[in-house]
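One structure below.
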Amino acid sequence: RELSAAAGVPGVDILRILMSEGAMATLNTQMDPDMTELIAAELGIVIDFKAPKSLEDEFLDEIRSMVDPEESLVARPPVITFLGHVDHGKTSLIDKIIGMNVVGGESGGITQHIRAYQVDRNGKRISFVDTPGHEAFTEMRARGANVTDIAVIVVAADDGVMPQTEEAISHARAAEVPIVIALNKTDLPGIDFDKIYQQLATNDLLPSEWGGDVEVVKTSATTGAGIENLLDTLLTVAELHEYKANPDREALGTCLEAQQMADRGVMAKVMVQNGTLHVGDVVVCGDAFGRVKSMDDTLNSKLRHEEALPSMPVNIWGLDVAPAAGEHFYVLDDIGLAREIAEARAKRVRSEFLSGVAPTHVTLENLFDRLEGAVDVSTLNIILRADTRGSIEAIRKELGKLEHPEVKLRILQAMVGGVTEADVTLADASDAIVIGFNVVPDERAKSAAEQRGVQIRRYEVIYKIADDLKQSLEGMLKPEE
Ligand code: GDP
């Protein structure tokens with residue numbers, strides 16, 4: 001009966017087909033997928049099977065579709081992440097900003113992987129999420145957690161733009177967040193600013209002093225020079241982007257990290273992204289759930305909070321197990337429902353793990369099918385690794401010639417050197433393919449790619465890359481031997 005209604009075909013016609021197949025049926029018979037396919041084929045209609053919605057999907061759909069009325073939105077502090085080449089002064093800058101050594105400041109033996117805190121600048125707040133590197137930053141994105149509003153790329157003035165700086169830039173760019181440059185270590189003598197500005201410009205980051213739109217703030221974590229300027233610049237960029245949230249709704253956000261503490265249960269460091277989180281709220285986060293028993297300040301574990309506003313990081317206690325970093329959390333009013341959702345998720349995660357199914361990202365072989373399936377593929381993201389700068393330029397030029405009415409090629413990152421695990425993480429977070437030209441992936445990159453379903457393609461001839469891409473876009477690519 002349902003199929004008849006959905007397809008606009010009289011029920012008797014469907015029954016007749018079933019009968020001719022030797023199936024005894026009435027209008028109330030429940031049909032299996034095979035039988036449904038068969039009837040659809042007979043009727044010349046296309047059937048799209050959808051899995052029944054899980055409780056968790058239904059609940060999340062409801063939350064996601066909840067629109068905050070314009071008048072409920074108020075400015076929220078920007079969330080900043082520092083990225084950059086190792087030893088360029090990320091940690092020193094952050095320590096200086098907080099005005100204390102946070103690692104020593106946080107008691108209770110919590111091993112800090114990701115730090116998160118809020119500082120006050122003349123009555124305006126700024127939040128920081130300090131990941132241990134751009135890989136961790138992108139790892140969070142790969143799990144669907146976009147907590148960062150603005151990326152600060154730290155460049156040491158004595159070193160200039162280094163390979164890891166370039167990586168950090170592409171990771172920030174892939175996250176589509178504004179970039180501010182902290183040109184650090186400017187207390188050192190003999191700095192060639194023009195050279196560094198030139199390097200930035202080469203990376204498509206034209207400093208505002210040169211007429212571009214990228215703010216470059218000269219800092220010294222050692223003397224403290226420029227730090228206030230940096231904070232003010234971040235506030236200006238934030239004002240420009242008008243980050244807003246509705247503090248009057250139930251909270252949602254992201255778990256930055258979580259740990260089972262021997263004596264006190266689970267501590268989860270979370271970032272509230274919308275709404276206000278209160279002590280006593282029922283929270284579901286990944287496969288964890290519970291009622292928030294208490295909330296600690298992220299900088300001072302002796303300080304308790306009763307509530308956490310949008311963009312505020314806080315350490316919460318009360319979840320039953322430690323959720324994975326990058327999991328979203330939601331507040332709901334029914335603890336029974338929270339348990340059900342958490343259990344359903346735990347079960348799903350286990351079965352996915354056991355079946356070993358890797359998520360499938362775009363590949364040159366499935367690109368066309370995706371296009372045909374009308375999945376929204378307006379861009380093909382590419383991460384390029386090559387043996388030399390010259391190769392990169394030549395490949396860029398070749399690919400620039402490719403044209404397709406619906407798909408745009410976008411090179412997220414083009415760098416010299418072998419394919420790394422960070423590249424695979426970036427590809428995972430951005431649904432990209434990795435192309436290696438005259439380079440090979442290292443072992444960790446290889447196994448990460450397998451696990452995450454990311455395609456790494458290797459080439460030794462430039463025109464072959466363009467050829468394969470062209471054929472892929474036309475659905476003519478033969479599977480790789
Ligand atoms: P990270 O790896 O980017 O977090 O870099 P760190 O903050 O650990 O700094 C690396 C080294 O550079 C340390 O020895 C710092 O003392 C030093 N350093 C950081 N900032 C400055 C600065 O502004 N001026 C000078 N002269 N040294 C700095």
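The values are calculated or read from the model by the stated rules, or taken from the named source; none is laboratory data. Quick caveat, the model's predicted, so the values are computed rather than measured. All Cβ positions, glycine included, derive from the backbone under ideal geometry; neighbour counts span all protein chains shown.
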Q. Of the numbered conditions (1) touching a Gly at 6+ places or on another chain (Cβ under 7 Å); (2) buried (at least 16 other Cβ atoms within 10 Å of the Cβ); (3) more than 19 Å from A432 (Cβ to Cβ), K195 satisfies every one except a single condition; which is it?
A. (2)
Q. Counting only residues that are in a loop (DSSP other than H, G, I, E, B) and closer than 24 Å to I114 by Cα, how many does the range 237-280 have?
A. 7
Q | Count - residues of the range 170-193 that are within 15 Å of the ligand (Cβ to nearest atom) and on the phi > 0 side of the Ramachandran plot | A | 2
Q.
Among the residues that make up the range 153-169, is at least one of them part of a loop (DSSP other than H, G, I, E, B), over 15 Å from V86 (Cβ atoms) and away from the ligand (no atom under 14 Å from the Cβ)?
A. no
Q) Restricting the range 224-245 to residues that are of a type in the set (A, V, I, L, M, F, W, C) and within 16 Å of the ligand (Cβ to nearest atom), which is farthest from A157 (Cα to Cα)? A) L231
Q. Among the residues of the range 55-87, how many are of a type in the set (S, T, N, Q) and surrounded by 15 or more Cβ atoms within 10 Å (Cβ to Cβ)?
A. 1
Q. Which residues, counting only those in the range 68-119, are more than 16 Å from the ligand (Cβ to nearest atom), part of a helix (DSSP H, G or I) and modelled with pLDDT of 85 or more?
A. E70, E71, S72
**Q.** Hits in the range 46-91 - residues which are acidic (D, E) and touching a residue at least 60 places away in the same chain (Cβ under 8 Å)
**A.** E56, D68, D87
Q.
For the range 324-343, check the following and say yes or no: at least one residue is in contact with a Gly (Cβ under 8 Å, 6 or more places away or on another chain), farther than 30 Å from D467 by Cα and either part of a helix (DSSP H, G or I) or at pLDDT below 75 (or both).
A. yes
Q. Going by the structure shown, is M31 aliphatic (A, V, I, L, M) and in a helix (DSSP H, G or I)?
A. no
Q: Output the residue which, of all residues in the range 313-325 that are within 19 Å of the chain's Cα centre (by Cα) and buried (at least 21 other Cβ atoms within 10 Å of the Cβ), is farthest from D281 (Cα to Cα).
A: A325
Q) When you go through (1) within 12 Å of the ligand (Cβ to nearest atom); (2) more than 20 Å from I150 (Cα to Cα) one by one for A221, which number turns out not to apply? A) (2)
Q: May I ask you to verify whether D13 is away from the ligand (no atom under 16 Å from the Cβ), surrounded by 12 or more Cβ atoms within 10 Å (Cβ to Cβ) and either modelled with pLDDT of 85 or more or assigned to a loop (DSSP other than H, G, I, E, B) (or both)?
A: yes
Q) Restricting attention to the range 238-255, does a residue exist that is within 18 Å of G84 (Cα to Cα), of a type in the set (K, R) and touching a Ser or Thr at 6+ places or on another chain (Cβ under 9 Å)? A) no
Q.
Name the residue that is farthest from the ligand (Cβ to nearest atom), counting only residues in the range 194-214 that are within 13 Å of G160 (Cα to Cα) and either touching a residue at least 60 places away in the same chain (Cβ under 8 Å) or of a type in the set (V, I, T) (or both).
A. T202
